[in-house]
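The values are calculated or read from the model by the stated rules, or taken from the named source; none is laboratory data. All values reported here derive from a predicted model rather than from experimental measurement. Ideal geometry is used to build each Cβ from the backbone, glycine not excepted, and the neighbour counts take in all protein chains shown.
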Amino acid sequence: MAADTGFRLERGEPGTLAVSGVLGFPTAAEAWQTLDGALRAGDRFTLDLAGVRSCDSAGLACVLAVLAAARVRGQVVSLRHVPDGLRTLAQVSGVEAFLAPA
């Protein structure tokens, strides 16, 4: 996978998953599977999106799907450092409220 279209997930401070790279059409399926799998390991997490370089509508859908799946399982997942582009997409799509803390 090319570095400019890659997606990475790393464990940061306890309870934090650091997302970096691209959240978009080329990476959305991999990102969803990776994030969903990582979140199944606990009941409370923070997704730190500071390292996300770019995001498109598929990336937004990925984040929303991950949050929804976690809520169905009774998990609390919050977002930190939501990139402006992702927030703007959410506003335009009318789903910004779903990015707010649970």
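Within the stretch 31-44, the residues that satisfy the criterion of being in contact with a strand residue (DSSP E or B) (Cβ under 6 Å, 6 or more places away or on another chain) and either in contact (Cβ under 8 Å) with a residue 60 or more places away in the chain or surrounded by fewer than 19 Cβ atoms within 10 Å (Cβ to Cβ) (or both) are 34, 38, 44. Scanning the stretch 46-65 for residues being not in a strand (DSSP E or B) and not hydroxyl-bearing (Ser, Thr, Tyr) gives a total of 9.
Candidates 99, 67: the one that is within 21 Å of residue 15 (Cβ to Cβ), in contact with a Phe, Trp or Tyr (Cβ under 8 Å, 6 or more places away or on another chain) and surrounded by 18 or more Cβ atoms within 10 Å (Cβ to Cβ) is 67. Kindly list the number of the only condition in (1) part of a loop (DSSP other than H, G, I, E, B); (2) loosely packed, with under 14 Cβ neighbours inside 10 Å that fails for residue 92. Just one mismatch for residue 92, condition (1). Figure legend. Inter-residue proximity from the stretch 76-102: first residues of a type in the set (Val, Ile, Thr), second residues surrounded by 14 or more Cβ atoms within 10 Å (Cβ to Cβ) and in a helix (DSSP H, G or I), beta-carbon distance below 7 Å, spacing 6+ or different chains. Indicated pairs: 77/39; 77/67; 77/70; 82/99; 95/64. Exactly one residue out of 90, 65, 97 is at pLDDT 95 or above, over 12 Å from the mean Cα position of the chain (by Cα) and not charged (D, E, K, R): that is 90.
Just the residues that are outside any loop (DSSP other than H, G, I, E, B), under 15 Å from residue 16 (Cβ atoms) and not β-branched (Val, Ile, Thr), please, taken from the stretch 66-89. 70, 78, 79, 80, listed by residue number.
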